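Input: a single structure, listed below in C-alpha cells.
The values are calculated or read from the model by the stated rules, or taken from the named source; none is laboratory data. Quick caveat: nothing in here was measured; it's all calculated off a predicted structure. Here Cβ is always computed from backbone atoms with ideal geometry, including for glycine, and neighbour counts include all displayed protein chains. To get the accessible areas, we keep the full protein, side chains included, count just its heavy atoms, and leave off ligands, DNA and RNA. Shrake-Rupley method; radii C 1.70, N 1.55, O 1.52, S 1.80 Å.
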Amino acid sequence: MIEFKQIHKSYRVAGHDVPALNGIDFQIGAGEIFGIIGHSGAGKSTLVRLINLLERPSAGQVIINGTDITALDAAGLRAQRQRIGMIFQHFNLLSSKTVAQNVAFPLALAGEHGKAQIKARVAALLARVGLTEHADKYPAQLSGGQKQRVGIARALATEPQILLCDEATSALDPQTTQAVLQLLADLNRELKLTIVLITHEMDVVRRIADRVAVLDAGQVAEIGPVAEVFLHP
Ligand code: ADP
Ligand code: ADP
C-alpha cells in the first residue's frame, strides 16, 4: 500500500546538496505495523515525512494505494493528507485548546462535518483512548501518556488508513510506553490501520512491529520480519 521507488532526497544547505536518502526501494503492506530504525541522521524522519509529503523526494516516487503522491496537485494532496495521521515525540498539542478541542481540530479544518457530527466523533474517539473524563482539561493538566492518547485520538479523527509515529514513545517512561504500544497494536487490529513507526529504540520495534527496516546513511541496511532482522544484527 505504501511503495518507495528509487527514492533519493538531498537537502540544499548553504549552496550544497546534503544527501539524506540514497535509493530507497521497498514496500509496506496494508495493515502492517512497520518499524523504521536507525541512528540519528540515518534518514528516518525524512523517509516518514515523504509519506505525507511534508518533504518531496529529489528523485523517485512514493506510491500510496496505486497513486503516485509526488504527482498530486494541491487539492489531491489535501485529500491525501487526510488519509494519513501522524503522532509525534512531543505530542504537538495545541496548549490553548482543551483535549476535546484538540481532537475536534482536524475535523473542523476538513470543513466537511456538522457540529453535532464532530461532537459525536470526538466523544467516541476520547472513549476509545480512555480520556472521556479528561475532555475539558488542557494539555498541561495531563501526564505524558495521556497527552499521547490525545495525539492518537486527534490523528485518527479523519479516519486515516495510515498512522505515522515519529519517536512517539521516546518521551515516555517504560510503563507508559508499554501502554501506548498496546493501544497502537489494538487499533492496528480493530481498524486495519497501517502503522509506520520510527524509533531509535529497538525494544519498541521488537514489541509491536511485524517487519522492520534498518536505515543507515540514507540506505536500507536490512529489511525483514522483526525476528529475522534482530537474529542477524
Ligand atoms: P533521522 O530521522 O534518522 O535522525 P533525518 O531524516 O532527520 O534522520 O536526517 C537525515 C539527514 O538529512 C541528516 O544528515 C540531517 O542532517 C539531514 N537533514 C534532515 N532534515 C534536514 C533539513 N530540513 N535541512 C537540511 N538537512 C536536513
Ligand atoms: P464551538 O466551536 O462550538 O464553540 P468549542 O471551541 O468549545 O466549540 O469546541 C470545538 C469542538 O470540540 C466542538 O465543536 C465540539 O465538537 C468539541 N468538543 C468540545 N468539548 C467537547 C466534549 N466535552 N465532548 C466532545 N466534544 C467536545
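Checked against (1) crowded, with 21+ Cβ neighbours inside 10 Å; (2) closer than 30 Å to Gln146 by Cα, Glu190 meets all criteria but (1).
Considering only residues that are among the polar types (S, T, N, Q) and without any contact (Cβ under 8 Å) to a residue 24 or more places away in the chain, look in the stretch 100-120 and name the one that is nearest to ligand 2 (Cβ to nearest atom). The residue in question is Gln101. Scan the stretch 164-186 and tell me whether some residue there is out of contact with any helix residue (DSSP H, G or I) (no Cβ under 7 Å at 6 or more places or on another chain) and among the aliphatic types (A, V, I, L, M). No. Of the helices (runs of 4 or more DSSP H) lying entirely inside the stretch 56-167, those carrying at least 1 residues that are of a type in the set (Val, Ile, Thr) and surrounded by fewer than 21 Cβ atoms within 10 Å (Cβ to Cβ) are 115-128. Checking each residue in the stretch 71-99 for being in contact with a Gly (Cβ under 8 Å, 6 or more places away or on another chain), on the phi < 0 side of the Ramachandran plot and away from ligand 2 (no atom under 16 Å from the Cβ) picks out Ile87, Phe88.
The single condition among (1) touching a strand residue (DSSP E or B) at 6+ places or on another chain (Cβ under 7 Å); (2) without any contact (Cβ under 8 Å) to a residue 60 or more places away in the chain; (3) not aromatic (Phe, Trp, Tyr) that Gln148 does not meet is (2).
Ala227 versus (1) open to solvent by 60 Å² or more (accessible area, probe 1.4 Å); (2) not in a helix (DSSP H, G or I); (3) not polar (S, T, N, Q): which is the lone unmet condition? Answer for Ala227: the failing condition is (2). Is it true that some residue in the stretch 44-52 is of a type outside the set (Lys, Arg), within 16 Å of ligand 1 (Cβ to nearest atom), in contact (Cβ under 8 Å) with a residue 60 or more places away in the chain and exposed (fewer than 13 other Cβ atoms within 10 Å of the Cβ)? No; the residues of the stretch 44-52 include none that is of a type outside the set (Lys, Arg), within 16 Å of ligand 1 (Cβ to nearest atom), in contact (Cβ under 8 Å) with a residue 60 or more places away in the chain and exposed (fewer than 13 other Cβ atoms within 10 Å of the Cβ). For the stretch 9-43, which residues satisfy the criterion of being more than 10 Å from ligand 1 (Cβ to nearest atom), buried (at least 18 other Cβ atoms within 10 Å of the Cβ) and assigned to a loop (DSSP other than H, G, I, E, B)? Result: Glu32, single match.
Within the stretch 168-187, the set of residues being touching a Leu at 6+ places or on another chain (Cβ under 8 Å) and buried (at least 20 other Cβ atoms within 10 Å of the Cβ) comprises Ala168, Thr169, Val180, Leu184.
Only one of (1) without any contact (Cβ under 8 Å) to a residue 12 or more places away in the chain; (2) in contact with an Asp or Glu (Cβ under 9 Å, 6 or more places away or on another chain); (3) more than 16 Å from ligand 1 (Cβ to nearest atom) is not met by Ile63, so which one is it? The one condition Ile63 does not meet is (1).
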